[in-house]
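I am attaching a structure below and will ask some questions about it afterwards.
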Amino acid sequence: MDTQALEAKFKPPVNAAVWFEIPVSDLAKAKTFYSKVLMTEFVDQNDGPNPMAIFAYSGTENGVSGHLYPGRPAAHGTGPTVHLPVPDSVEEGLARVTACGGKVLSPVIEIPAGRFAYCLDPDGNSIGIFSN
């Protein structure tokens with residue numbers, strides 16, 4: 001099949017990611033960490049195979065979000081990195097990461113879409129704190 005035929009058959013999705021999951025050792029403690037760092041709330045959901053805490057979002061019905069769930073985090077910083085928005089500056093978010101038991105791993109990095117820094121949550125999950 002030639003490239004044009006492939007492009008016609010397989011169009012890229014609207015979003016490259018549709019959901020994310022962050023495994024944590026203690027769901028209540030993780031909710032406290034992420035709530036304070038991101039200045040957000042969670043929606044608890046207990047009707048599936050595992051309890052989970054869904055990150056609040058104001059997107060449309062097709063918006064992208066994710067959740068925390070009781071699970072086994074990857075070894076410190078070895079899993080994928082999820083970039084999460086803060087409502088203020090990256091620097092203020094990084095101060096909250098440290099104050100809440102996480103670890104800042106990089107200086108603030110500027111990219112065309114905004115600014116971010118790499119961090120670890122208290123379980124060692126790799127996260128990016130992002131602001132545009």
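The values are calculated or read from the model by the stated rules, or taken from the named source; none is laboratory data. Keep in mind that what you see is a predicted model, and the values were worked out from it rather than measured. Note: ideal-geometry Cβ built from the backbone for every residue, glycine included; neighbour counts use all protein chains shown.
If I ask for residues that are within 11 Å of THR81 (Cβ to Cβ) and either surrounded by fewer than 18 Cβ atoms within 10 Å (Cβ to Cβ) or among the hydroxyl-bearing types (Ser, Thr, Tyr) (or both), which ones from region 117-127 would you list?
TYR118, SER126
Which pairs have Cβ atoms under 7 Å, sit 6 or more apart or on different chains, and link a residue in region 64-78 that is under 25 Å from VAL14 (Cβ atoms) and free of Cβ contacts under 8 Å to residues at least 60 places away in the same chain to one that is in a loop (DSSP other than H, G, I, E, B) and of a type in the set (Val, Ile, Thr)?
Correct list of pairs: VAL64/VAL18.
Taking GLU61, is it charged (D, E, K, R), over 25 Å from ARG115 (Cβ atoms) and out of contact with any Gly (no Cβ under 6 Å at 6 or more places or on another chain)?
yes
Hey, another quick one. Being among the charged types (D, E, K, R), under 20 Å from ASN132 (Cα atoms), modelled with pLDDT of 95 or more and in a strand (DSSP E or B) is the requirement here; does GLU110 meet it?
Considered against the rule, which asks whether it is among the charged types (D, E, K, R), under 20 Å from ASN132 (Cα atoms), modelled with pLDDT of 95 or more and in a strand (DSSP E or B), GLU110 comes out as yes.
For TYR57, work out the one condition from (1) surrounded by fewer than 14 Cβ atoms within 10 Å (Cβ to Cβ); (2) among the aromatic types (Phe, Trp, Tyr); (3) farther than 17 Å from SER131 by Cα it doesn't fulfil.
Of everything listed in (1) surrounded by fewer than 14 Cβ atoms within 10 Å (Cβ to Cβ); (2) among the aromatic types (Phe, Trp, Tyr); (3) farther than 17 Å from SER131 by Cα, TYR57 misses just condition (3).
Yes or no: ASP88 within 14 Å of the chain's Cα centre (by Cα) and more than 21 Å from VAL18 (Cβ to Cβ)?
Judged against the criteria, ASP88 is not a match.
Name the helices (runs of 4 or more DSSP H) wholly within region 1-100 that hold at least 3 residues that are modelled with pLDDT of 95 or more?
Counting at least 3 such residues, we get 27-38, 90-99.
Now for a separate question. Starting from region 24-46, take each residue that is touching a residue at least 60 places away in the same chain (Cβ under 8 Å) and list its partners that are in a helix (DSSP H, G or I) and charged (D, E, K, R), counting only C-beta distances under 8 angstrom and pairs at least six apart or across chains.
Short answer, once both residue conditions are applied: LYS36/ARG96; VAL37/ARG96.
Additional query: Taking region 96-105 only, how many residues are surrounded by 14 or more Cβ atoms within 10 Å (Cβ to Cβ) and either without any contact (Cβ under 8 Å) to a residue 60 or more places away in the chain or aromatic (Phe, Trp, Tyr) (or both)?
Residues in region 96-105 being surrounded by 14 or more Cβ atoms within 10 Å (Cβ to Cβ) and either without any contact (Cβ under 8 Å) to a residue 60 or more places away in the chain or aromatic (Phe, Trp, Tyr) (or both): 3 in total.
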